[in-house]
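A.B. asks: Here you go, one structure.
Values quoted throughout were computed directly from the atomic coordinates according to the rules given, and no laboratory measurement underlies them. The model shown is predicted, which means the values in this text are computed figures rather than measured ones. Using ideal geometry, Cβ is built from the backbone for each residue, glycine included, and neighbour counts are taken over all protein chains shown.
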Amino acid sequence: MKAVKWIAVVLVAGYGIWTVFQWNWYLKIVPEQIGTTYPVYIGSQSDLREGCGVAIFRLDRATTQRINAEGLGFLASARHSRAWKDHYHTFEEWKPTPHPGDVEDDQSILTYQLACSGAWSYLSDPVEHAVRAPGSFYAFGPEKVIVVIPSERVAVLGWNG
C-alpha cells in the first residue's frame, strides 16, 4: 500500500512541475507590458516537429485599466516577448478587433488554436465572440497570435506551427 501512495505522490508532483513549467514557458512569450496574475487555461497538441494550442492568462487589474484607458497606445510598445528578443518572438503592430477576415467567416484568428487545445466551450465561446467584436486587440507573430480581451480580463496566446 505504501508503494501505491508513493507512486501517487510522484505522479501528482510530476504533474504539478509540468504545469508550472508550461505556465512559465508560455508566459515568457507574452510581452512584459501585459501584466498577468495566473493561467486560466493551457492546452495544446504536438508531435515531434509541430504543435498548436492556446495559453489563456488572467490580466492583472492595472493592465486591464491601462488598456481600457489607453487602448492601442498602451500596447504599442508590447512587441517583444518577456524572455527573447529575436525575430521569432516578436509581434507585429497591434490592431483593434474585429480582425477583418473574421467578421463574415465562420472561423476567427483563434478558432483552430482553440479547437486544437481542447478548450471547453465556456472558455472558447467568449474568446471567439470577443475577436469578432470591437473592444479587444490582437497582434500576429511568426506562427502565433496574441489577443488581449479587456472585457474578459484575459490575454490569449494562440500558436500553430
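A.B. asks: Gain in length, Ala76 to Trp6, computed as 0.36 nm per residue apart minus the alpha-carbon separation, to one decimal in nm? Write down the numbers at each step before the final one.
C.D. replies: On the way: separation 70, 0.36 × 70 = 25.20 nm, distance 5.02 nm.
The span from Ala76 to Trp6 would gain 20.2 nm if fully extended.
A.B. asks: So, one more: Given just the C-alpha atoms of the range 51-90, how large is their convex hull per residue in cubic angstrom? Present the calculation step by step, with values, prior to reporting the outcome.
C.D. replies: On the way: hull volume 4.1 nm³, N = 40.
Enclosed volume per residue, from the Cα hull, is 104 Å³.
A.B. asks: Mind checking which lysines have their C-alpha under 22 Å from Lys95, skipping anything on the same chain fewer than 8 residues away?
C.D. replies: Excluding near neighbours in sequence, the set is Lys28, Lys85, Lys144.
A.B. asks: Determine the gain in length on full extension of the stretch Tyr38-Asn24; use 0.36 nm per residue of separation and subtract their C-alpha separation, reporting nm with one decimal.
C.D. replies: Values: separation 14, 0.36 × 14 = 5.04 nm, distance 1.02 nm.
Here the answer is 4.0 nm.
A.B. asks: Still on this structure: Among Tyr41, Tyr138, Tyr122, what is the fewest-to-most ranking by other Cβ atoms within 10 Å? Kindly include the intermediate steps, with their values, before the conclusion.
C.D. replies: Numbers: Tyr41 19, Tyr138 26, Tyr122 7.
Least to most surrounded, the residues fall as Tyr122, Tyr41, Tyr138.
A.B. asks: Beyond 21 Å, what percent of the Cα pairs of the range 2-160 remain?
C.D. replies: Details: 5737 of 12561 pairs.
In whole percent, the long-distance tail amounts to 46.
A.B. asks: Suppose a student asked you for the relative contact order of the range 2-160, using Cα pairs under 8 Å spaced at least 6 residues apart; what percent would you report?
C.D. replies: Working: 268 pairs, mean separation 40.4, N = 159.
Contact order relative to length: 25 percent.
A.B. asks: Could you tell me which helices of the chain pass both thresholds, a Cα extent of 24 Å or more along their own axis and a mean Kyte-Doolittle hydropathy of at least 0.5, with helices taken as whole DSSP H runs? Mind dumping the intermediate values first?
C.D. replies: Numbers: long enough: 2-27 (37 Å, 0.90).
The qualifying helices are 2-27.
A.B. asks: Hey, another quick one. Would you compute, from DSSP H runs of 4+ residues alone, the mean residue ellipticity of the chain at 222 nm, taking -39500 (n - 2.57) per run and dividing by the full residue count, rounded to the nearest 500? Mind showing how you got there, number by number?
C.D. replies: Working: 5 runs with 58 residues, N = 161.
My calculation for the chain gives -11000 deg cm²/dmol from helical runs alone.
A.B. asks: Related question: Under the Karplus relation 6.51 cos²θ - 1.76 cosθ + 1.60, θ = phi - 60°, what is the ordered set of whole-Hz ³J(HN,Hα) values for the range 136-152, x standing for Gly and Pro?
C.D. replies: Karplus-based 3J(HN,Hα) across the range 136-152 equals 10, 9, 9, 8, 8, x, x, 6, 7, 9, 10, 10, 9, 10, x, 5, 9 Hz.
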